[in-house]
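Here the structure comes first, spelled out in structure tokens, and everything after it is commentary.
The values are calculated or read from the model by the stated rules, or taken from the named source; none is laboratory data. Predicted model, so just to flag it, every value in this text is computed and none were measured. Positions of Cβ are backbone-derived with ideal geometry, glycine not excepted, and every protein chain shown enters the neighbour counts.
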């Protein structure tokens with residue numbers, strides 16, 4: 001088996017065989033990382049955000065009872081992502097209309 | 001109302017591929033993981049801009065790519081860690097031959113211009129279409145195709161792929177011997 005190195009040089013493109021081999025090892029190098037799965041730090045991160053969000057939700061529920069729904073999450077510091085996720089619950093926003 | 005499990009699960013499911021992509025960009029596992037973490041935080045902060053029903057993975061890749069380009073690229077010189085962090089992920093690889101092959105390939109990949117590298121990885125490993133990769137990289141489809149082609153050609157030059165034998169076990173053996181010689 002041989003590749004088409006000469007034609008590649010002439011045409012400036014790789015042969016299909018060269019492309020296949022490059023693609024194969026690229027995929028293996030990539031998959032080697034993918035197979036490591038999800039490191040704990042990311043599981044913990046998403047769990048923490050979920051917990052903080054639920055805590056924020058409890059505050060929001062109380063605020064809502066006082067007619068202050070817009071206080072939800074506001075000024076809760078640096079985890080802006082959490083309240084945003086809370087406010088936008090992807091499918092809920094469709095069912096319940098705009099929420100901010 | 002709690003965080004929708006589907007959103008959290010989709011993010012978690014994307015993490016392995018995000019890490020692989022980030023490592024290909026950064027060349028360093030620790031920096032890549034920081035980049036992934038920042039991506040997840042940014043995604044959750046802007047979850048309202050995610051269109052339900054669209055590809056969560058592509059959206060996260062876009063965020064990661066933009067973060068890398070806007071922030072990490074400024075530190076490119078220190079980020080370029082050709083023998084450091086990434087090698088850590090390979091130490092446990094059971095097949096020495098593959099490890100050598102991986103290291104050689106990874107070193108060649110790191111030498112590509114970042115725009116070519118990201119295009120090649122998105123299309124060639126992450127499983128995105130040319131159209132999706134173009135959207136992620138905010139460029140034309142033809143540009144992605146051109147970058148992928150240039151990346152492949154450059155990689156083949158760096159790896160000296162002139163024959164099938166050059167990329168098989170024999171090649172890995174020679175690379176191992178060569179690596180041993182480099183100390």
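Can you pull out the residues in region B:47-61 that are without any contact (Cβ under 8 Å) to a residue 12 or more places away in the chain and either surrounded by 20 or more Cβ atoms within 10 Å (Cβ to Cβ) or within 10 Å of chain A (Cβ to nearest Cβ) (or both)? Across region B:47-61, the qualifying residues are B:48, B:49, B:50, B:51, B:52, B:53. Looking for something part of a helix (DSSP H, G or I), modelled with pLDDT of 85 or more, under 14 Å from the mean Cα position of the chain (by Cα) and more than 12 Å from every other protein chain (Cβ to nearest Cβ) - is there at least one such residue anywhere in region B:12-24? No: region B:12-24 contains no residue that is part of a helix (DSSP H, G or I), modelled with pLDDT of 85 or more, under 14 Å from the mean Cα position of the chain (by Cα) and more than 12 Å from every other protein chain (Cβ to nearest Cβ). Checking each residue in region A:20-67 for being part of a loop (DSSP other than H, G, I, E, B) and modelled with pLDDT of 60 or more picks out A:35, A:36, A:37, A:38, A:39.
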